[in-house]
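For reference, the structure is listed below as structure tokens.
The values are calculated or read from the model by the stated rules, or taken from the named source; none is laboratory data. Bear in mind the structure is a predicted one, so any value in this text is a computation, not a measurement. So basically every Cβ, Gly included, is an ideal-geometry build from the backbone, and we count neighbours across all protein chains shown.
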Amino acid sequence: MRTFTLSALATATAVALATGYPAATAAPGHDTGATSSGAYIVVLKDTAPAAAVAGEHGRAHGADVGHVYRNAMRGYSARMSATAAAKVAADPRVDWIQRDGVVQTTAQELPTGINRANGNESSTKAGDGSGTVDVDVAVIDTGIDLDHPDLNVHTAGAKNCSSGRSADDGNGHGTHVAGTVGAIDNTTGVVGMAPGARLWPVRVLNNRGSGSWSDVICGIDYVAANADKIEVANMSLGGAGTDLGNCGNGQDAMHAAICNAVAQGVTFVVAAGNDAQDAAGFTPAAYDEVITVSALADFNGLPVGGAAPTCRADVDDTFANFSNYGADVDLIAPGVCINSTWKGGGYNTISGTSMAAPHVAGAAALYLSTRPGATPAQVRSALQSAGSTDWNNSDDPDGIKERLLDASAF
């Protein structure tokens, strides 16, 4: 049995459990009503020795001291009774005392890829809280984090064709793809191209990100069985192979399976591959029936170029230096330094044509959400027609300037 690895080029592995843009919900000195009983912040006069006063209050009034502040302010945090708090407040070295409050992250990031593909200009205006997209997208990958709070995972539709006991993601790759397709527009984390889309986890790759053709066909077969519900399938994976024509020509079962699923109305979006070679030598990228996506290097979500590299070396607004190319590529989309959801309820920034494809899958979902009768061929034509040529292809090996994904019209 031949095996292959998914087409991901991970360049940064740090996982952040929050967005990096935290904002307090409680204003200083304001009791939100959600404060911890007995928890206080004591602000001292500028001349008071913070550690000494905190220690003294602890001994004299039974204050259980937590943090001691010496630089941004003089003071400390502590748990104590209301009676003790009143006594502490009466100390002339104390400027004021307030109840402690609850804070949480509230910021939501508009990832650079969503911005560059104009997902924030679509009818759903990703990032403005305008609602969710009523559409179903299958992620044929390593699975999806089934309880990620930033994803609308259709757990009842989960399918595991690989090892393990469920479609839960033990690698992270599938969850990252899922977030770019449809992370929820909920003021936290990130937002996807088709915010809140129902995401079907179809696990065909193991925790190492590898699997067999037979596992992938199992996933495609499952999607075909649910073609009356699933509009789009994303396959950010691939291996060596060519398009034999005629839907596999009696020799390529995966191609035949995809052709049958496409004939039932499912639009398949696939990654071109990360080998800096012609995509004609890799499947499913080489298949004519799918939408094959190469990767754009974009570091700030804006056209023109000139932005400094972030997570990896490349030139802003140019063909990604790892991306496959060739006549089989239908569209180009952002695929470098993409921040998205990750396993364990987290977030991660990685690169690859695996990251470019779900931008297109999300845009296809947007298109189909308002045009439910469109065929896969019509979806591809619409995406290509809407695409722009506003990028620099001077380093594209084949000289073909693919259309850059632009979802603003959807």
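Listed values, structure above:
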read-out	value
Number of the condition not met by residue 287 [criteria: (1) assigned to a loop (DSSP other than H, G, I, E, B); (2) within 25 Å of the chain's Cα centre (by Cα); (3) among the aromatic types (Phe, Trp, Tyr)]	(2)
So residue 122, is it under 20 Å from residue 110 (Cβ atoms) and over 12 Å from the mean Cα position of the chain (by Cα)	yes
Which listed residue, of 190, 177, 216, is more than 18 Å from residue 293 (Cβ to Cβ) and of a type in the set (A, V, I, L, M, F, W, C)	190
Matching residues in the stretch 35-67 - criterion: being touching a residue at least 24 places away in the same chain (Cβ under 8 Å), in contact with a Ser or Thr (Cβ under 9 Å, 6 or more places away or on another chain) and surrounded by fewer than 19 Cβ atoms within 10 Å (Cβ to Cβ)	38, 39, 61
Test: residue 156 is over 19 Å from residue 192 (Cα atoms) and either in contact with a Pro (Cβ under 6 Å, 6 or more places away or on another chain) or part of a strand (DSSP E or B) (or both)	no
Any chance residue 221 is over 25 Å from residue 322 (Cβ atoms), modelled with pLDDT under 95, in the same structural domain as residue 132 (by TED's automatic domain parsing) and buried (at least 19 other Cβ atoms within 10 Å of the Cβ)	no
Criterion: farther than 20 Å from residue 315 by Cβ, touching a residue at least 60 places away in the same chain (Cβ under 8 Å) and over 19 Å from the mean Cα position of the chain (by Cα) - qualifying residue of 358, 376	376
Selection status of residue 182, farther than 16 Å from residue 236 by Cβ, of a type in the set (Gly, Ala, Ser) and in contact (Cβ under 8 Å) with a residue 24 or more places away in the chain	no
Filter result for the condition that a residue is modelled with pLDDT of 95 or more and buried (at least 19 other Cβ atoms within 10 Å of the Cβ), over 280, 297, 257	297
Hey, residue 90 surrounded by 15 or more Cβ atoms within 10 Å (Cβ to Cβ) and not assigned by TED's automatic domain parsing to the domain that holds residue 258 or not	no
Single residue of the stretch 283-294 satisfying the filter (within 23 Å of residue 338 (Cα to Cα) and out of contact with any Phe, Trp or Tyr (no Cβ under 8 Å at 6 or more places or on another chain)) that is surrounded by the most Cβ atoms within 10 Å (Cβ to Cβ)	293
Output for the stretch 210-263, where each listed residue is in a helix (DSSP H, G or I), polar (S, T, N, Q) and either farther than 19 Å from residue 141 by Cβ or in contact with a helix residue (DSSP H, G or I) (Cβ under 6 Å, 6 or more places away or on another chain) (or both)	246, 260
